[in-house]
Amino acid sequence: MTQTMLSLRNIKKHFGAVQAVAGIDLDILENEFFALLGASGSGKTTLLRMLAGFEMPTAGSITLDGRDITHTLPNHRPVNLMFQSYALFPHMTVAQNIAYGLEMEKLPRTEIKSRVADILEVIQLSHLATRKPDQLSGGQRQRVALARALVKRPRLLLLDEPLGALDKKLRGEMQLELKRIQHEFGITFIIVTHDQEEALVMADRIAILQDGALLQCGSPQDIYEHPQSRFAADFIGVMNFFPVRRSGDHLLANDGGRVFADLDDAVANNSDAVAAVRPERLHLDVGKGENSLTGRVSAMAYHGLDLQLHLETPLSPDSVMVRLTADAAEARPLSIGDEITVGWAARDTRVFAA
Amino acid sequence: MTDRKSLYLMTPALAWLTGLMVIPCLLILVLAFFRRGIYGGIEYTFTLENIWLVFDPLYAGIFVKSATIAGTSALIAVIVGYAAAYAIAAAPSRRQPMLLFFAVLPFWSNYLVRTYAWIVLLNREGLIASVVHSLGYDGELPRLLYTESAVVVGLVYNYLPFVILACYAPLSRLNPEVIEASRDLGGSGWTTFRRVTLPMTAPGIATGFVFVFVLSIGNFVTPALLGGGQFQMIGNLVYAQFLTANDWPFGAALSMFLIAIMMGLLTLQTFATERASGARKEES
């Protein structure tokens, strides 16, 4: 389970003068569900295309199961890609689409037939085997594309924004479905997405890419709770930022108030920094943490699960977002214009160099 | 758009087609069932003779020959034209309009001039002969002009732009990810072409083929100029019935038969194109 199956070493890719990928090192483990997360232009799709064999790296190497596949053609890699556009063959039926990859392996007809039937069972589309792609809904096409790649039982399955074209509800269902299928088949998945929530929900590990470089790599929890840069903190979930200056063992905010955090040497004494705290770490029960902050409620949004407040505070020009659980919100009825004080623990404060 | 509005918009085209296409065709059809007058002209008595005469081995032979020449021309034009269209579609997209423009350029010059150009190239003292001789060969060259091959060459040359345009359309619309998907699933370049690219662009090939075939089988200028009267194609035969033999009824019968062949082919092609594009959507 914890064995490395895929290694990327110093992968670089230039398109003319443009550097799409700027030297990435990455190890993907056996059976892992791995997410490449980044905004458009971060190089995530280029990286995926290099893994599939559609782009050759300008420098660096890709090793799969100890074999160098950096320059291996797409049709000679035990790697399959599920395309963002699904790229189904419009002139073939669902069953023919799925059988195509097996026919390329020159498997016996009977085996192809039974494997296609099996996978149609898994994606619950057996009744649509003779349909053409343009007679399917978006969700059905997506499942056919998945089946077509999965049926080859690749060592590595690459998924390029697999849920991008689906509506929100279907996306939620498919997130769980993909995880189930990945577990069931025991195939390593690498998914490319710009949707941080999707990455958090599905992936065992996430790599955040920015401008072609690897910013941070770790478990969803690790990335969410311990972002190593302001960019990562901002990109994943919601984060409140406010400017501070380090003063010995604590930080000084704009209004002269003290902010406590577990400080390490990342920020030098007397230098500017940015403190950050997640909305759900802020509590109305001030006694719970070392830090407190007073502000006026400027907006409220009820989300069912929680109540989101916007606070105007002297700490920062941006409003501070507070996320109260349904219980906490019920215990203390609030309305816009109320002045409230929220508190949080020193260990929940993140500090980044300014 | 309302039915009334679209009727207004269609009226000029419909009037044009009815007056200059449908009615003349009907006249020709009717003509085919009359007898030829003794000194030319038409004798208005019903007969099926003209129709039977079309199937006379002499004329049926000319039909077969015409179909062979048209078929050969269409086949060559499709192979050459598809390759050219493929290359254009694969070129950087900003260069494609220019390449297409050049491919179609000869088409904007006069048909006769283009056909005469081949006479200049192919005749006994023509460009090809002088190039071969200047390279040191002084034997007798096989005859190039006034052969079936010359006719085929002329037809291919004239209709190639149609084929390039017809094949370019589906090739340029091809989603590159579909090609990549085939490679990704283990298909070699050739397999991908055979099983994905070719079937997906078949409608363009069919359109190009039928186009060249239909325009070639009824053509009478190219066979007259490049065939040099050595043999006849249906077009020449029809031409002769109306203008020299003065047998309008038989000319009409030949024309109807030709039109029937073309209509059959065009119907077949439309049908095939619709099938290929999956335009039929079945309800479950």
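The values are calculated or read from the model by the stated rules, or taken from the named source; none is laboratory data. Keep in mind that what you see is a predicted model, and the values were worked out from it rather than measured. For neighbour counting, all protein chains shown are included, and Cβ atoms are generated from backbone atoms with ideal geometry for every residue, glycine included. These accessible areas exclude ligands, DNA and RNA; they are computed on the full protein's heavy atoms, side chains included. Shrake-Rupley method; radii C 1.70, N 1.55, O 1.52, S 1.80 Å.
Only lysines eight or more places from residue A:132 in sequence, or on another chain, were considered; those with a Cα closer than 29 Å are A:106, A:113, A:152, A:168, A:169, A:179, B:281. The residue B:194 and residue B:169 beta-carbon pair, evaluated with R₀ = 22 Å, returns a calculated FRET efficiency of approximately 0.60. With helices as the sole contributors, chain B gives -22500 deg cm²/dmol at 222 nm; each DSSP H run of n ≥ 4 counts as -39500 (n - 2.57), and the sum is divided by every residue. Largest first and in whole Å, the equivalent-ellipsoid semi-axes of the range A:144-237 read 25, 15, 12, each the square root of five times a Cα gyration tensor eigenvalue. Across every direction, the projection of the convex hull enclosing the Cα atoms of the range A:238-353 has a mean area of 6.8 nm².
Per the Kirkwood formula applied to alpha carbons, the range B:21-60 shows a radius of gyration over Rh ratio, Rg over Rh, of 1.03.
Could you tell me how far the Cα centroid of the range A:260-282 sits from the Cα centroid of the range B:78-154, in Å? Each part's Cα centre sits 77 Å from the other's. Across the range B:56-283, Cα pairs under 8 Å and at least six residues apart give a relative contact order of 28 percent. Considered as an equivalent ellipsoid built on the Cα gyration tensor, chain A has semi-axes of 46, 25, 15 Å, the largest given first. Tell me which trypsin sites (Lys or Arg not before Pro) from the range B:78-127 have a DSSP coil assignment and no more than 15 other beta carbons within 10 Å of their own. When the trypsin sites (Lys or Arg not before Pro) of the range B:78-127 are filtered for loop state and at most 15 Cβ neighbours within 10 Å, B:94, B:95, B:124 remain.
Each of residue A:285 and residue B:125 was given a label point 7 Å from its Cα along the Cα-to-Cβ line. The distance between the two points is 11.2 nm. For the pair residue A:65 and residue A:250, the difference between a 0.36 nm per residue extended length and the Cα-Cα distance amounts to 61.7 nm. Taking every residue in A:126-135 and counting other chain Cβ atoms within 10 Å of its Cβ, the average works out to 2.
Between residue A:27 and residue B:275, the modelled label-to-label distance comes to 5.7 nm, taking each label 7 Å out from Cα in the direction of the beta carbon.
Full extension of the chain between residue A:229 and residue A:271 yields a length gain of 13.5 nm, computed as 0.36 nm times the residue separation minus the alpha carbon distance.
Provide the FRET efficiency to the nearest 0.05 for the residue B:39-residue B:60 pair, computing r from the beta carbons and using R0 = 41 Å. Calculated value: 0.90.
Approximating the spin labels as points 7 Å out from Cα along Cα→Cβ, the residue B:231-to-residue B:79 distance works out to 1.9 nm. Counting only protein heavy atoms and using a 1.4 Å probe, the accessible area of residue B:46 comes to about 140 Å². Run the paramagnetic zone check for residue B:53: 7 angstrom along Cα to Cβ, then residues of the range B:249-275 with backbone nitrogen under 20 Å. Counting backbone N atoms under 20 Å from the label point, the list is B:249-261. Positive-end ranking of B:242, B:98, B:27 along the dipole of chain B, with charges on Cβ about the Cα centre, is headed by B:98. Over the protein assembly as shown, the hull volume per residue, using the convex hull of the C-alpha atoms, is 280 Å³. Nearest 0.05, what FRET efficiency do residue A:345 and residue A:238 give at R0 = 30 Å with Cβ-Cβ as r? That gives a FRET efficiency of 0.95. Under a straight-distance cross-link criterion of Cα-Cα below 16 Å, which lysines are reachable from residue A:12, leaving out those fewer than 8 residues away in the same chain? Candidates past the 8-residue exclusion: A:44.
Taking 0.36 nm per residue of sequence separation and removing the Cα-Cα distance, the residue B:23/residue B:101 pair yields an extension gain of 24.4 nm.
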